[in-house]
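Notes follow the structure.
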Amino acid sequence: MRKLIFTILIAAGCLQAAAERTVPFFDTSRPDKVIALGLRAGMNSSGVATNYMDKQPELIQSNFYWHSGVQVGAIADLSIRKFLAIEVGLFWERHGYDAAMMAATAEEDYMGSQFTRVRYNDIHIPVLMSWRFNILPQAVWSVDLGPYFSYGLSGTKKADSYIAFGEEDGQLVFDHNISNQKYFKADPKDFLAVNRFDAGLKVGTGLAFFSHYTISVYYQRSVKNNAKDFDGGADYRLRNCSWSVNIGYNFWQHSFFNKKIYLNRHILFGIIFYRFSYDNS
């Protein structure tokens, strides 16, 4: 009997401890920490979406290949409620992609192919609304959505071209050319000429552990056309897109609301004490 009672007491204690650790999945209460600062680092895979095949009738093949890159930066997190926060980031990012084109015209007896390698760096600023859900006492799942803004810092565009064409005497001529340009300073009439400024939409999800450690996955895509315009040219469209994975650490957290409540209590107690002393004087 004593063993049974002891077992029941142990089980009751475990259930009580589990109940105390239980947190609501969707918590609308005021956050314990209002502001958090953190560091983030990770990898990305980038590409572009274009309409070149539609605008260039001589193109017979157009392939774009995603390329891996890295990013590093910091975030500031403002919690409105435990389930809702605004997160603003500042990142340096390295992106890239490759392009392979093949063109031919029967009228001019022309055939050519070009392989282009693009690598560039930019400053990336996401402004995300974050919805957060407690899946464990020390684990929070987040769903993030919002705009991003980026500005190209530097980049290179290396093109390797092969051309074959027929001359009037029927002789076939081959030509090979290698060019290396600055990505954001390319002439608008050049292939893959882009603007520095980009804006788009970013969506992602992640997990936070013990209020400090984070891991997140994001997808982003331009909503503006990044191809440079020029008079008399085709209406080219080019939009950046990428996947990224980040790990992070929140190194500083602050609770302004709790301090304010704590201060107000002291003011209230001071008023009561002053009033009590005044009445007894």
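The values are calculated or read from the model by the stated rules, or taken from the named source; none is laboratory data. Nothing here was measured: the structure is a model prediction, and the numbers come from that model. Cβ coordinates were reconstructed from backbone atoms using ideal geometry, including for glycine residues, and neighbour counts include every protein chain displayed.
What number of residues within the range 211-237 are surrounded by 19 or more Cβ atoms within 10 Å (Cβ to Cβ), at pLDDT 90 or above and either under 15 Å from residue 56 (Cα atoms) or not hydroxyl-bearing (Ser, Thr, Tyr) (or both)?
So the answer is 3.
Listed residues 162, 151; which is closer than 29 Å to residue 50 by Cα and touching a Phe, Trp or Tyr at 6+ places or on another chain (Cβ under 7 Å)?
Exactly one of 162, 151 is closer than 29 Å to residue 50 by Cα and touching a Phe, Trp or Tyr at 6+ places or on another chain (Cβ under 7 Å), namely 151.
Check every one of the strands (runs of 3 or more DSSP E) wholly within the range 143-250 and list those with 1 or more residues that are touching a Leu at 6+ places or on another chain (Cβ under 8 Å), at negative phi and in contact (Cβ under 8 Å) with a residue 40 or more places away in the chain.
Fully inside the range 143-250 and qualifying: 197-209, 213-222.
Can you confirm whether the range 154-171 contains a residue that is aliphatic (A, V, I, L, M) and farther than 24 Å from residue 101 by Cα?
no
Taking the range 105-114 as the region of interest, how many residues are crowded, with 16+ Cβ neighbours inside 10 Å and free of Cβ contacts under 8 Å to residues at least 60 places away in the same chain?
3
Hey, does the range 124-131 have a residue that's surrounded by fewer than 14 Cβ atoms within 10 Å (Cβ to Cβ) and out of contact with any strand residue (DSSP E or B) (no Cβ under 9 Å at 6 or more places or on another chain)?
No; the residues of the range 124-131 include none that is surrounded by fewer than 14 Cβ atoms within 10 Å (Cβ to Cβ) and out of contact with any strand residue (DSSP E or B) (no Cβ under 9 Å at 6 or more places or on another chain).
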